[in-house]
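The structure under discussion appears below in the form of structure tokens.
The values are calculated or read from the model by the stated rules, or taken from the named source; none is laboratory data. This structure is a prediction, so every number in the text was calculated from the model and none was measured. Backbone-built Cβ (ideal geometry, glycine too); neighbour counts: all protein chains shown. Ligands, DNA and RNA are excluded from the accessible area calculation, which covers all protein heavy atoms including side chains. Shrake-Rupley method; radii C 1.70, N 1.55, O 1.52, S 1.80 Å.
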Amino acid sequence: MTFLSAAFATPYRRGVWMIAAVTLVWRGWTVARWSWQDDDWVYVSNAATMSLPDYMLQMYHGHFMPGEFLVMWIVTRLAPLDYGVPILLTAVASGAVVLLWGRALARVAGELRWVLVPLALLSLSPLFLRPTLWWASALQVVPLQACLAWGVLVAAGMARAPSRRATVHLVCVLVVALFFWEKAVLLVAPFAMVLVCAGGGRIVERVRRHLVTLAALGAVALAYVALYLFLGRGSTDQDELGVNLSSPPSVREALDFVWSGLGNLLAPATLGGPWGSMPGGSQPFSEAAPVVQVVTSLVLALSVLVLVVTRRQSWAPFTVAAAYVLVSWALVLFSSRFVNLGSLAVNDERYTVDAFSVVVLAFVLALTRPRRDRIGLPERLPVSGRAVLVGLAGVSLVSLAVGNVLAVHRIGTHPGRLWTENLRSEILRVPDESPVVLWDGYAPQTVLQTGFWNEWALLSRMLRPLDDRVAFREPADQIYQPDEDGMLQPIGISRLSTSTAGSDDGCGYYVEPGRPASVPMSAALFHWGWGLELTAYSDTGGTLLVELGSTDVELTLPSGMQTRAVQFDGEVADTVLMSMPDDAEGSVCVTDVHVGEPEPRAG
């Protein structure tokens, strides 16, 4: 049997490939509407300057993510600031995860058509939209989903046929997941859930049967936690944004927090939502209507209750899933994010998508009995029963479609996408041998918020990956500045402080080695980011030193008549001193000096 014939041999496999194709296209289109965001700029800036070992092993805001930083470092070095690469990688990886989940769920429940419904939820839930749009988040969420599906695939096989080789395989899956994100330590729970709940016999017998595997997973998890704590010891960065137990929330605050996550995200997601209440755009902290929160939570609770009553031992997967959800949310609850935002902190979907996947997996396990004494859904149903299942599947798929469309509409496109794309295109037109000098200002607020990111929002930080084509704070005949559309525009320097006329006839201020010139200025200026522009003639070219007050500026001058400008930070005195190095040759005539702020170049 050929690969294609085997891949499409059953209705279930054809359905898996269809969902994978839709997911690939949908992820590609939605991510293409986005751009670099928040921590992305910090990541790419550091990737352009740090060595690979230092970059991979850094502790960033309490996160230890060598795998994520490895991918980010490679992408930044090979395709600097090209968002097309994250688009391609996210779309392809998301499609591949669907195929992996398809195999994993089939090994758990069999290649039955109803399994395509939970597969669609795991692939196309609106919860995955924002976490996959943001590249830094996608590098956490997508690998975690892949390793969760991979581990379920291995564990489901082990549940029926344990082996030492499979144990090593499952441990390796956990290690790979931990390589990308420390939160993967929680995957021990769903792996154990599948090992214990997907096999036959009593739970105690199943635990005993897989005791070695469970012990190996626990040992790796404990060793990793010890390593994580060791690497984060004394880190002020981790203390600021990591887990903090010094000021725990009250019981009421914790209950409000859990209810917010349940009613706004988790419960609606199990039914294909949320619908029209996703955070995004001008409503970053939006919530579902109270009736939606109550109804979806009741439906979820009743569904669990019915399965626990009608399916033997189905309480076990739901207990593990509930524990996973609570621990996952507790990581946010006991952090500065909760201190700043309260219960709305949990409404960031990236904190819930992995817990949602575990909940969906718990439903699949509860609906599935081991193959030896299968008492789940019969293989052949009456027409009316089949019609009910088809109807439920259809409602779920319609709900997913509506939820995704409404969410995409609310999220919109990244407001700074056009600016970033245009600026990168403008810079790439510059020849490698003559970098363009840019004014080092802050990016627009739509690209990166200055108030929060401070110096990271400076162009000199953000454009580090393109440092072979751009320069900052260097003397130039012409300095450029991106406009509101990201297009480079030539700028001049305003005349807030201007030199008086020089006393040397036909020369202005004459400067040569050993003969400096004092230049009176029309006004002294306070410490700020200023631009200096001067007009001068040099017979041989050379270096001109300008002592402005608190700052000295060094200008390289070619031979001939010229206007040179440079950006600097500092004060400007009412008299500046210009000189040349003692070992320099030739002389310089300076006819005009002025200091000010950048302004559009006339003409």
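Below, the figures for the structure above:
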{"quantity": "Length gained when the stretch Thr446-Val294 is fully extended (0.36 nm per residue, less Cα-Cα span)", "calculated": "51.1 nm"}
{"quantity": "Cα lying deepest toward the dipole's positive end in the stretch 11-411, options Tyr228, Pro126, Leu298, charges on Cβ", "calculated": "Leu298"}
{"quantity": "Positive-end extreme of charge dipole, the chain - chosen from Val395, Met56, Val511 (charges on Cβ)", "calculated": "Val395"}
{"quantity": "Among beta bridges that DSSP assigns inside the chain, antiparallel share in %, nearest 5", "calculated": "95 percent"}
{"quantity": "The stretch 53-65 - phi-based ³J(HN,Hα) in whole Hz, Karplus 6.51/-1.76/1.60, Gly and Pro as x", "calculated": "x, 5, 5, 5, 9, 6, 9, 10, 6, x, 9, 10, 9"}
{"quantity": "Average Cα contact separation per residue, the chain, under 8 Å, 6 or more apart, as relative contact order %", "calculated": "13 percent"}
{"quantity": "Potential lengthening between Thr310 and Glu205 on full extension [0.36 nm per residue; Cα-Cα distance subtracted]", "calculated": "35.6 nm"}
{"quantity": "Solvent accessible area, Å² - Cys172, 1.4 Å probe, full protein context", "calculated": "60 Å²"}
{"quantity": "Nearest-20 debye value, the chain charge dipole, Cβ charges on Lys, Arg, Asp, Glu", "calculated": "6380 debye"}
{"quantity": "Of all accessible heavy-atom area on the stretch 497-600, the percent that carbon and sulfur account for (1.4 Å)", "calculated": "49 percent"}
{"quantity": "Where only alpha carbons of the chain are counted, the Rg and the Dmax (Å)", "calculated": "30.9, 107"}
{"quantity": "Relative contact order (%) - criterion: Cα under 8 Å, at least six apart; region: the stretch 415-493", "calculated": "39 percent"}
{"quantity": "Accessible-area value, Phe230, 1.4 Å probe, nucleic acids and ligands omitted, Å²", "calculated": "110 Å²"}
{"quantity": "Net lengthening on full extension, Ala524/Trp17 (0.36 nm per residue, minus Cα-Cα)", "calculated": "175.5 nm"}
{"quantity": "Exposure rank, largest accessible area first [Arg33, Arg601; 1.4 Å]", "calculated": "Arg601, Arg33"}
{"quantity": "Test item: Cα-centred dipole of the stretch 415-493, Lys/Arg +1 and Asp/Glu -1 on Cβ, debye", "calculated": "240 debye"}
{"quantity": "Per-pair calculated FRET efficiency, R0 = 56 Å: Val168 and Leu577 via Cβ, rounded to 0.05", "calculated": "0.15"}
{"quantity": "Euclidean distance between Cα centres, the stretch 26-42 to the stretch 568-603, Å", "calculated": "43 Å"}
{"quantity": "Per residue accessible area of the stretch 276-338, 1.4 Å probe, in Å²", "calculated": "49 Å²"}
{"quantity": "Area accessible to solvent at Met50, 1.4 Å probe radius, in Å²", "calculated": "50 Å²"}
{"quantity": "Longest to shortest principal axis, alpha-carbon extents of the stretch 497-600, angstrom", "calculated": "34, 28, 24"}
{"quantity": "Which of Asp582, Asp592 is most accessible, then next, and so on - probe 1.4 Å", "calculated": "Asp582, Asp592"}
{"quantity": "Where labels lie 7 Å past Cα in the beta-carbon direction, separation of Phe230 and Asn340 in nm", "calculated": "3.1 nm"}
{"quantity": "Whole-Å distance, taken between Cα centres, linking the stretch 71-136 and the stretch 445-506", "calculated": "40 Å"}
